[in-house]
Each structure stands twice: as structure tokens, then as C-alpha cells.
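The values are calculated or read from the model by the stated rules, or taken from the named source; none is laboratory data. No experiment lies behind these values; they were computed from the predicted model shown. Because the Cβ atoms are built from the backbone with ideal geometry, glycine has one as well, and the counts that use them run over all protein chains shown.
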Amino acid sequence: MNTNGATVAVANLVKSFGQAQAVRDASFEVHRGEIFGLLGPNGAGKTTIIRMILDIYKPDRGQISILGGPMSEAKKARIGYLPEERGLYKDLRVEECVLYLAELKGLSRREARRRADAYFERLGLAAEKHKKVSEFSKGMQQKVQIITTLIHEPELIIIDEPFSGLDPVNTRLVQDILLEEHRKGTTIIMSTHQMYQVEEMCDRIVLINKGESVLYGGVDEIRRQYADNAVRVTVHGELPRIPGVLETSRKGNTHTLTLSKEMSTQMLLAHLAAAPELVVESFELALPTMDDIFVRVVSGR
């Protein structure tokens, strides 16, 4: 398989469990240093694909390349994995749990403690680190899992629902930490149902539905691909009737105009510029959200 230098490449993956086919035909590449969204509805096969990438499951058919070739024990120390289901030792103290998992990734106890303390301070857990994991709320346990995923400074981070259980403040904090990793050149594969996070963070995505890759490419490119011929304008003054505008919706001074095929955005802008006593404050394509596209593709609308 020619991976073209991709950090992760999967080709024509197939995986069944008994009579149930979890993955039918999944293919995509994750470029070095990007944030890549692995998306799909519940039961689409995303977690099975992640587990095949990590060599937890073996594919029935297909090929996987990770960090330049097949998975190895040495490569596992270069990967950080945050599963959707929590995998912490609940009877251990939080600090001891983090240090133990960091040592499994090759850190010395001293270095693990230094890095852990920095994360505990940043994530607001310093005063709680001596409590047992079982005493933590779901959101606090999620922050501990974020620490154990990142503490060994992996080259590749694979995160399944990273914002699960987090309030808006901590969601923003974890998002900032992941974006810092991205700026360092770390490759991140993110599986999430929070489409606004995909729009804010991901460079490219693959959408898996019923075990198959059904949408693949850059986020901006996909949003433009699914855009209707519509424009969003913010104006001060009365919007005139314009030939070629099929539908208009309004929220405050912002109007969304759906155009006929014959009406171009340049023609519309010329009409607006010629309207007396009308001031155009903003003018942009009305791109669909990733949430809209997700629903449209998965439901076949």
C-alpha cells in the first residue's frame, strides 16, 4: 500500500463479528500533523475501525499502515489513545493511576510526576489528585483520561468522544490543549458527535455510515460542495425585491437569500450596491453546517 507519507492509512477494511458486519469497506488517509475527524452515527463502525488501527482487532480484509508501516510494540509508545469508555483503575488514587500509566509508556517516575503535576494544575485537579478515581465525577475522570493520553507526548493521538462529560468551560480548556498539540505538529484523529467541534478543529474528515466511507475530504471543501445557491447578507436599510431571489429568511438585520440558478452572487451584490439608502455590512456564502451535512448524508436526503 502506497501511503504517500500519511501517518495513518487504511484501505478497504472489512470486519465482521459472527453474522454482523461492523465494517464493510472503509478507506481513508490521515496526513501528518492534521486534526482528522472520524465521524458517523452510532453503530457505524467507527470504534471498530479505531481498534483495528490500534491492532486490538485484526481486519478480515484490507490494509492498515500506521506511523509508516504495520503496528509494533515500539510504535504503541508513540501513540496516545483515549477510548470512549473510561479505562482508569477506579480503586487507585488519581495521581498514582496517572503515574503508573505514564510509566507504562516509558516515562521515569520523576518525569511522569513533573508532567502530571503541570497537567493537574492546568486542569484544576491539583487539590484532588490524592482522591481515588472512583470519587471523581464523570467530567473529572474525563480530564484524568486526557492527561493519561497526552502525558508521554505522543506523535499520534486518537481520541474517541474527547469532550464527553465536560462542561463548556472544561470543553474549551481541553480543546485549547488539543490545538496546542496540533500546533506542535502532532497528528490527531478525533471521533465525535459534536459537529461544531469538527468545524472549529478538523482539517479533514471521513464520514462512516453502515461500515463504509461515504464522505471524505476537507471540511471547507465539503461545506462548499453541499452548499445551496444561497447568500447571507447583513444590511442596514430596506432590502429591495430582487429578481432571481427565490426565498428569503431574516434574523435581525441578517438575511439569507436563496438564489435561482441564473442569479450569481456577483449579480446579487451589484443589485444590493445599486439599492438606494442600503448599506451592506457583510456578504458571504450561506454554507451548511457539518451537522446539516451529517444528517443529509446519513439519512439520504
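Does the range 127-138 contain any residue that is touching a Leu at 6+ places or on another chain (Cβ under 6 Å) and surrounded by 15 or more Cβ atoms within 10 Å (Cβ to Cβ)?
Scanning the range 127-138 turns up at least one residue that is touching a Leu at 6+ places or on another chain (Cβ under 6 Å) and surrounded by 15 or more Cβ atoms within 10 Å (Cβ to Cβ).
Which residues, taken from the range 38-59, are in contact (Cβ under 8 Å) with a residue 12 or more places away in the chain, surrounded by fewer than 24 Cβ atoms within 10 Å (Cβ to Cβ) and not in a loop (DSSP other than H, G, I, E, B)?
47, 48, 50
Given the options 232, 223, name the one that is outside any loop (DSSP other than H, G, I, E, B), in contact with a Pro (Cβ under 7 Å, 6 or more places away or on another chain) and among the basic types (Lys, Arg). Reasoning before the result, please.
On the way: 232 fails: in contact with a Pro (Cβ under 7 Å, 6 or more places away or on another chain).
Being outside any loop (DSSP other than H, G, I, E, B), in contact with a Pro (Cβ under 7 Å, 6 or more places away or on another chain) and among the basic types (Lys, Arg) holds for just one of 232, 223, which is 223.
Considering the range 118-161 alone, what residues qualify as being in contact with a strand residue (DSSP E or B) (Cβ under 9 Å, 6 or more places away or on another chain), within 11 Å of residue 88 (Cβ to Cβ), assigned to a helix (DSSP H, G or I) and not aliphatic (A, V, I, L, M)?
Within the range 118-161, 142, 145, 148 meet the criteria.
Would you mention how many residues in the range 90-129 are under 27 Å from the mean Cα position of the chain (by Cα), more than 25 Å from residue 189 (Cβ to Cβ) and not hydrophobic (A, V, I, L, M, F, W, C)?
Summing the residues that are under 27 Å from the mean Cα position of the chain (by Cα), more than 25 Å from residue 189 (Cβ to Cβ) and not hydrophobic (A, V, I, L, M, F, W, C) in the range 90-129 gives 2.
For residue 193, state whether it is part of a loop (DSSP other than H, G, I, E, B) and under 26 Å from residue 79 (Cβ atoms).
So residue 193 passes the test.
Take the residues in the range 160-189 that are at pLDDT 95 or above and under 10 Å from the mean Cα position of the chain (by Cα); name whichever of them is nearest to residue 83 (Cα to Cα).
Filtering first and then ranking leaves 189.
Got a sec? Which of 296, 224, 232 is surrounded by 14 or more Cβ atoms within 10 Å (Cβ to Cβ) and among the basic types (Lys, Arg)?
That would be 232, the only listed residue that is surrounded by 14 or more Cβ atoms within 10 Å (Cβ to Cβ) and among the basic types (Lys, Arg).
Just one of (1) farther than 23 Å from residue 293 by Cα; (2) surrounded by fewer than 17 Cβ atoms within 10 Å (Cβ to Cβ) trips up residue 258, so point out which.
All conditions pass for residue 258, except number (1).
Identify all residues within the range 250-278 that are touching a Gly at 6+ places or on another chain (Cβ under 8 Å) and either more than 16 Å from residue 232 (Cβ to Cβ) or assigned to a loop (DSSP other than H, G, I, E, B) (or both); write none if there are none.
260, 262, 263, 267, 275, 277, 278, listed by residue number.
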